[in-house]
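Participant: Below you'll find the structure I mean.
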Amino acid sequence: MLATGAAVTTALAQVDREKIYQWINELSSPETRENALLELSKKRESVPDLAPMLWHSCGTIAALLQEIVNIYPSINPPTLTAHQSNRVCNALALLQCVASHPETRSAFLAAHIPLFLYPFLHTVSKTRPFEYLRLTSLGVIGALVKTDEQEVINFLLTTEIIPLCLRIMESGSELSKTVATFILQKILLDDTGLAYICQTYERFSHVAMILGKMVLQLSKEPSARLLKHVVRCYLRLSDNARAREALRQCLPDQLKDTTFAQVLKDDTTTKRWLAQLVKNLQEGQVTDPRGIPLPPQ
(Lines give C-alpha, C1' and ligand atoms only; values in the text may rest on other atoms or scores of the structure.)
Protein backbone atom coordinates (compact mmCIF):
# COMPACT_ATOMS: atom_id res chain seq x y z
CA MET A 1 0.00 0.00 0.00
CA LEU A 2 2.81 2.39 0.91
CA ALA A 3 4.58 1.57 -2.36
CA THR A 4 1.40 2.39 -4.28
CA GLY A 5 1.09 5.70 -2.40
CA ALA A 6 4.69 6.59 -3.24
CA ALA A 7 4.13 5.68 -6.89
CA VAL A 8 1.04 7.91 -7.03
CA THR A 9 3.02 10.79 -5.45
CA THR A 10 5.81 10.31 -7.98
CA ALA A 11 3.31 10.22 -10.84
CA LEU A 12 1.68 13.43 -9.58
CA ALA A 13 5.08 15.08 -9.24
CA GLN A 14 5.86 14.05 -12.82
CA VAL A 15 2.58 15.53 -14.05
CA ASP A 16 3.46 18.73 -12.18
CA ARG A 17 6.91 18.79 -13.81
CA GLU A 18 5.31 18.35 -17.21
CA LYS A 19 3.04 21.33 -16.49
CA ILE A 20 6.08 23.41 -15.45
CA TYR A 21 7.87 22.53 -18.70
CA GLN A 22 4.74 23.40 -20.66
CA TRP A 23 4.35 26.80 -18.96
CA ILE A 24 8.03 27.63 -19.50
CA ASN A 25 7.60 26.85 -23.20
CA GLU A 26 4.46 28.99 -23.28
CA LEU A 27 6.43 32.04 -22.05
CA SER A 28 7.99 32.30 -25.51
CA SER A 29 4.65 32.94 -27.18
CA PRO A 30 2.89 36.31 -26.58
CA GLU A 31 -0.50 34.54 -26.88
CA THR A 32 0.11 32.11 -23.99
CA ARG A 33 2.56 34.15 -21.92
CA GLU A 34 0.20 35.88 -19.50
CA ASN A 35 -1.32 32.68 -18.11
CA ALA A 36 2.11 30.98 -18.00
CA LEU A 37 3.51 33.91 -15.97
CA LEU A 38 0.66 33.62 -13.51
CA GLU A 39 0.94 29.83 -13.09
CA LEU A 40 4.75 29.79 -12.77
CA SER A 41 4.78 32.66 -10.26
CA LYS A 42 2.35 30.65 -8.11
CA LYS A 43 4.60 27.58 -8.27
CA ARG A 44 7.96 29.31 -7.72
CA GLU A 45 8.16 28.37 -4.03
CA SER A 46 7.38 24.70 -4.61
CA VAL A 47 9.82 24.00 -7.49
CA PRO A 48 13.36 24.21 -6.04
CA ASP A 49 15.12 24.12 -9.44
CA LEU A 50 12.76 26.51 -11.24
CA ALA A 51 15.48 29.19 -11.51
CA PRO A 52 17.96 27.05 -13.54
CA MET A 53 15.05 25.82 -15.67
CA LEU A 54 14.05 29.41 -16.46
CA TRP A 55 17.62 30.58 -17.03
CA HIS A 56 18.71 27.76 -19.33
CA SER A 57 15.52 27.38 -21.39
CA CYS A 58 15.54 29.02 -24.80
CA GLY A 59 14.13 32.55 -24.96
CA THR A 60 12.68 32.59 -21.43
CA ILE A 61 14.74 35.41 -19.91
CA ALA A 62 14.30 37.45 -23.09
CA ALA A 63 10.52 36.98 -22.72
CA LEU A 64 10.63 38.15 -19.08
CA LEU A 65 12.69 41.21 -20.05
CA GLN A 66 10.24 41.94 -22.85
CA GLU A 67 7.44 42.02 -20.25
CA ILE A 68 9.43 44.61 -18.29
CA VAL A 69 10.36 46.80 -21.27
CA ASN A 70 6.76 46.68 -22.56
CA ILE A 71 5.50 48.79 -19.66
CA TYR A 72 8.22 51.47 -19.78
CA PRO A 73 5.87 53.69 -21.88
CA SER A 74 3.28 53.51 -19.06
CA ILE A 75 5.74 54.98 -16.53
CA ASN A 76 5.92 58.50 -17.93
CA PRO A 77 3.29 59.82 -18.06
CA PRO A 78 2.14 57.45 -15.28
CA THR A 79 -0.72 55.46 -16.83
CA LEU A 80 0.05 52.00 -15.43
CA THR A 81 -3.12 49.96 -14.82
CA ALA A 82 -3.66 47.30 -12.14
CA HIS A 83 -3.76 44.62 -14.83
CA GLN A 84 -0.43 45.73 -16.34
CA SER A 85 1.12 45.96 -12.87
CA ASN A 86 -0.02 42.45 -11.87
CA ARG A 87 1.29 40.97 -15.11
CA VAL A 88 4.74 42.55 -14.94
CA CYS A 89 4.98 41.72 -11.22
CA ASN A 90 4.50 38.04 -12.09
CA ALA A 91 7.49 38.38 -14.45
CA LEU A 92 9.45 40.13 -11.67
CA ALA A 93 8.58 37.31 -9.25
CA LEU A 94 10.22 34.84 -11.65
CA LEU A 95 13.29 37.07 -11.94
CA GLN A 96 13.45 37.19 -8.13
CA CYS A 97 13.51 33.40 -8.19
CA VAL A 98 16.52 33.52 -10.58
CA ALA A 99 18.22 36.22 -8.43
CA SER A 100 17.86 34.08 -5.28
CA HIS A 101 19.23 30.82 -6.66
CA PRO A 102 22.96 30.09 -6.13
CA GLU A 103 23.27 28.47 -9.57
CA THR A 104 21.88 31.45 -11.49
CA ARG A 105 22.72 34.50 -9.35
CA SER A 106 26.18 35.21 -10.82
CA ALA A 107 24.92 34.97 -14.40
CA PHE A 108 21.93 37.17 -13.46
CA LEU A 109 24.33 39.87 -12.23
CA ALA A 110 26.76 39.46 -15.14
CA ALA A 111 23.86 40.12 -17.52
CA HIS A 112 23.09 43.35 -15.56
CA ILE A 113 19.42 42.36 -15.34
CA PRO A 114 18.76 44.40 -12.15
CA LEU A 115 19.31 47.57 -14.23
CA PHE A 116 16.09 46.83 -16.14
CA LEU A 117 14.22 47.34 -12.84
CA TYR A 118 15.71 50.73 -11.97
CA PRO A 119 13.21 52.74 -14.08
CA PHE A 120 10.48 51.28 -11.84
CA LEU A 121 12.35 52.41 -8.71
CA HIS A 122 12.56 55.92 -10.19
CA THR A 123 8.76 56.24 -10.30
CA VAL A 124 7.02 58.49 -7.77
CA SER A 125 3.31 57.92 -8.46
CA LYS A 126 1.45 56.91 -5.29
CA THR A 127 -1.23 54.80 -7.04
CA ARG A 128 -1.53 51.13 -6.02
CA PRO A 129 -0.24 49.73 -9.35
CA PHE A 130 2.96 51.79 -9.01
CA GLU A 131 3.38 50.97 -5.31
CA TYR A 132 3.06 47.26 -6.10
CA LEU A 133 5.53 47.61 -8.98
CA ARG A 134 8.12 49.39 -6.80
CA LEU A 135 7.69 46.94 -3.93
CA THR A 136 8.08 43.90 -6.20
CA SER A 137 11.14 45.43 -7.89
CA LEU A 138 12.69 46.13 -4.48
CA GLY A 139 11.95 42.49 -3.63
CA VAL A 140 14.24 41.34 -6.44
CA ILE A 141 17.12 43.52 -5.13
CA GLY A 142 16.28 42.43 -1.57
CA ALA A 143 16.57 38.78 -2.63
CA LEU A 144 20.02 39.51 -4.05
CA VAL A 145 21.39 41.23 -0.93
CA LYS A 146 19.86 38.62 1.39
CA THR A 147 22.46 36.13 0.12
CA ASP A 148 25.32 38.17 1.71
CA GLU A 149 27.46 37.58 -1.39
CA GLN A 150 30.36 39.96 -2.01
CA GLU A 151 29.73 39.98 -5.78
CA VAL A 152 26.20 41.29 -5.19
CA ILE A 153 27.43 44.29 -3.16
CA ASN A 154 30.25 44.96 -5.65
CA PHE A 155 27.71 45.00 -8.48
CA LEU A 156 25.20 47.23 -6.67
CA LEU A 157 27.88 49.78 -5.75
CA THR A 158 28.54 50.33 -9.47
CA THR A 159 24.87 51.32 -9.91
CA GLU A 160 22.58 54.03 -8.51
CA ILE A 161 20.84 51.74 -6.02
CA ILE A 162 21.79 53.77 -2.91
CA PRO A 163 20.18 57.07 -4.02
CA LEU A 164 17.16 55.13 -5.34
CA CYS A 165 16.70 53.38 -1.99
CA LEU A 166 17.17 56.66 -0.10
CA ARG A 167 14.41 58.32 -2.12
CA ILE A 168 12.01 55.44 -1.41
CA MET A 169 13.05 55.47 2.28
CA GLU A 170 12.02 59.13 2.38
CA SER A 171 8.72 59.00 0.54
CA GLY A 172 7.56 55.41 -0.15
CA SER A 173 4.85 53.36 1.55
CA GLU A 174 5.79 51.73 4.85
CA LEU A 175 6.42 48.35 3.18
CA SER A 176 8.57 49.86 0.42
CA LYS A 177 10.50 51.92 2.99
CA THR A 178 11.14 48.75 4.99
CA VAL A 179 12.55 46.80 2.02
CA ALA A 180 14.61 49.79 0.80
CA THR A 181 16.08 50.28 4.30
CA PHE A 182 16.83 46.55 4.50
CA ILE A 183 18.78 46.82 1.20
CA LEU A 184 20.76 49.80 2.53
CA GLN A 185 21.40 47.90 5.78
CA LYS A 186 22.79 44.91 3.86
CA ILE A 187 25.06 47.18 1.81
CA LEU A 188 26.31 48.85 5.01
CA LEU A 189 26.94 45.50 6.74
CA ASP A 190 29.43 44.69 3.99
CA ASP A 191 32.85 46.29 4.65
CA THR A 192 33.11 47.52 1.06
CA GLY A 193 29.65 49.06 1.27
CA LEU A 194 30.38 50.80 4.58
CA ALA A 195 33.66 52.20 3.23
CA TYR A 196 31.90 53.38 0.05
CA ILE A 197 29.18 55.29 1.93
CA CYS A 198 31.67 56.84 4.37
CA GLN A 199 34.19 57.71 1.66
CA THR A 200 32.86 61.23 1.02
CA TYR A 201 30.96 63.76 3.08
CA GLU A 202 28.23 63.98 0.41
CA ARG A 203 27.44 60.25 0.51
CA PHE A 204 27.47 60.00 4.29
CA SER A 205 25.44 63.18 4.83
CA HIS A 206 22.78 62.06 2.32
CA VAL A 207 22.35 58.75 4.16
CA ALA A 208 22.41 60.43 7.60
CA MET A 209 19.88 63.07 6.49
CA ILE A 210 17.37 60.49 5.21
CA LEU A 211 17.79 58.28 8.31
CA GLY A 212 17.24 61.37 10.47
CA LYS A 213 14.03 62.24 8.60
CA MET A 214 12.84 58.65 9.05
CA VAL A 215 13.43 58.78 12.81
CA LEU A 216 11.37 61.99 13.01
CA GLN A 217 8.58 60.37 10.96
CA LEU A 218 8.72 57.18 13.06
CA SER A 219 8.33 59.23 16.25
CA LYS A 220 4.94 60.35 14.84
CA GLU A 221 3.91 57.10 13.12
CA PRO A 222 5.77 54.23 14.84
CA SER A 223 6.66 51.01 13.03
CA ALA A 224 8.76 48.57 15.04
CA ARG A 225 9.89 46.68 11.93
CA LEU A 226 11.07 49.80 10.08
CA LEU A 227 12.68 51.26 13.22
CA LYS A 228 14.69 48.04 13.64
CA HIS A 229 16.33 48.49 10.21
CA VAL A 230 16.96 52.20 10.78
CA VAL A 231 18.69 51.55 14.13
CA ARG A 232 20.79 48.78 12.57
CA CYS A 233 21.93 51.18 9.83
CA TYR A 234 22.96 53.76 12.43
CA LEU A 235 24.75 51.13 14.51
CA ARG A 236 26.71 49.92 11.49
CA LEU A 237 27.65 53.49 10.52
CA SER A 238 29.04 53.91 14.04
CA ASP A 239 31.59 51.15 13.28
CA ASN A 240 33.37 53.63 11.00
CA ALA A 241 35.55 56.08 12.97
CA ARG A 242 34.84 59.02 10.66
CA ALA A 243 31.10 58.38 10.57
CA ARG A 244 31.07 57.92 14.36
CA GLU A 245 32.56 61.38 14.79
CA ALA A 246 29.91 62.90 12.53
CA LEU A 247 27.07 60.98 14.22
CA ARG A 248 28.00 62.51 17.56
CA GLN A 249 26.76 65.78 16.06
CA CYS A 250 23.76 64.55 14.04
CA LEU A 251 22.20 61.52 15.77
CA PRO A 252 18.51 62.41 16.33
CA ASP A 253 17.56 63.13 19.95
CA GLN A 254 14.64 60.66 19.65
CA LEU A 255 17.18 57.83 19.61
CA LYS A 256 18.84 59.13 22.78
CA ASP A 257 15.72 59.70 24.90
CA THR A 258 12.68 57.52 25.66
CA THR A 259 10.70 58.38 22.49
CA PHE A 260 10.71 54.77 21.27
CA ALA A 261 10.62 52.99 24.66
CA GLN A 262 7.02 51.86 24.15
CA VAL A 263 7.55 50.68 20.54
CA LEU A 264 10.62 48.67 21.53
CA LYS A 265 9.41 47.30 24.87
CA ASP A 266 9.25 43.72 23.54
CA ASP A 267 12.10 43.99 21.02
CA THR A 268 15.23 43.07 22.95
CA THR A 269 17.42 42.93 19.81
CA THR A 270 16.69 46.50 18.68
CA LYS A 271 16.97 47.78 22.28
CA ARG A 272 20.40 46.16 22.49
CA TRP A 273 21.46 47.71 19.16
CA LEU A 274 20.26 51.14 20.28
CA ALA A 275 22.15 50.87 23.59
CA GLN A 276 25.29 49.79 21.71
CA LEU A 277 24.91 52.73 19.29
CA VAL A 278 24.70 55.25 22.13
CA LYS A 279 27.67 53.56 23.84
CA ASN A 280 29.74 53.65 20.62
CA LEU A 281 29.13 57.39 20.29
CA GLN A 282 30.03 58.06 23.93
CA GLU A 283 33.23 56.00 23.94
CA GLY A 284 36.68 57.19 22.90
CA GLN A 285 36.10 60.61 21.43
CA VAL A 286 38.20 60.55 18.24
CA THR A 287 40.66 63.43 18.03
CA ASP A 288 42.00 62.53 14.59
CA PRO A 289 41.18 65.57 12.41
CA ARG A 290 41.14 63.38 9.27
CA GLY A 291 37.50 62.48 9.88
CA ILE A 292 34.83 62.63 7.21
CA PRO A 293 35.86 65.68 5.20
CA LEU A 294 33.87 68.77 6.12
CA PRO A 295 31.76 70.32 3.41
CA PRO A 296 33.34 73.28 1.60
CA GLN A 297 32.80 76.53 3.47
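Participant: Could you check the spin-label model distance between Ala111 and His56? Points 7 Å from the Cα along Cα→Cβ, value in nm.
Facilitator: Taking the simple label geometry, Ala111 and His56 are separated by 1.4 nm.
Participant: Let me ask another. Any chance you could look up the accessible area of Met209 with a 1.4 Å probe, heavy atoms only, rounded to 10 Å²?
Facilitator: Roll a 1.4 Å probe over it and Met209 shows about 90 Å².
Participant: In nm, to one decimal, how far is the Asp253 label point from the Val47 one, both placed 7 Å along Cα→Cβ?
Facilitator: 5.7 nm
Participant: How far, in degrees from 0 to 90, does helix 174-189 lean away from the longest principal axis of the Cα atoms of the chain, to the nearest 10?
Facilitator: Here the helix axis deviates by roughly 70 degrees.
Participant: Of the residues Phe204, Phe116, Phe182, which exhibits the maximal mean-square fluctuation in a Gaussian network model of the chain defined by a 10 Å Cα contact cut-off?
Facilitator: It is Phe116.
Participant: Give the carbon-plus-sulfur fraction of the accessible surface of the chain in %, rounded to a whole number; probe 1.4 Å, heavy atoms of protein chains only.
Facilitator: Within the chain, the accessible surface is 56 percent carbon and sulfur.
Participant: Find the percent of Cα-Cα distances in the chain that exceed 34 Å, and round it to a whole number.
Facilitator: 32 percent
Participant: Counting each DSSP H run of 4 or more residues in the chain as -39500 (n - 2.57), what helix-only mean residue ellipticity at 222 nm follows after dividing by all residues, to the nearest 500 deg cm²/dmol?
Facilitator: -21500 deg cm²/dmol
Participant: Also, quick follow-up: Roughly what would the spin-label model give for Thr79 and Leu157, points 7 Å off Cα along C-beta, in nm?
Facilitator: 4.2 nm
Participant: May I pose another question? Just to confirm the number: angle between the C-alpha axis of helix 128-145 and the first principal axis of the chain, 0 to 90 degrees, nearest 10?
Facilitator: Roughly 80 degrees between the two axes.
Participant: Pick from Cys89, Cys58, Cys233 the residue whose mean-square fluctuation is largest in a GNM of the chain, springs joining Cα atoms under 10 Å.
Facilitator: Residue with maximal mean-square fluctuation among Cys89, Cys58, Cys233: Cys58.
Participant: Let me ask you something else. Distance between Cα centroids, segment 16-84 to segment 94-162: provide it in whole Å.
Facilitator: If you average the Cα positions of each part, the centres end up 16 Å apart.
Participant: Follow-up question, since we're still on this one. So how much accessible area does His112 have, in Å² to the nearest 10, using a 1.4 Å probe?
Facilitator: Counting only protein heavy atoms, His112 exposes about 90 Å² to solvent.
The values are calculated or read from the model by the stated rules, or taken from the named source; none is laboratory data. These numbers come from a predicted model, not from an experiment. Cβ: placed from backbone, ideal geometry, glycine included. Neighbour counts: every protein chain shown. Side chains included, ligands, DNA and RNA excluded: accessible areas come from the protein's heavy atoms. Shrake-Rupley method; radii C 1.70, N 1.55, O 1.52, S 1.80 Å.
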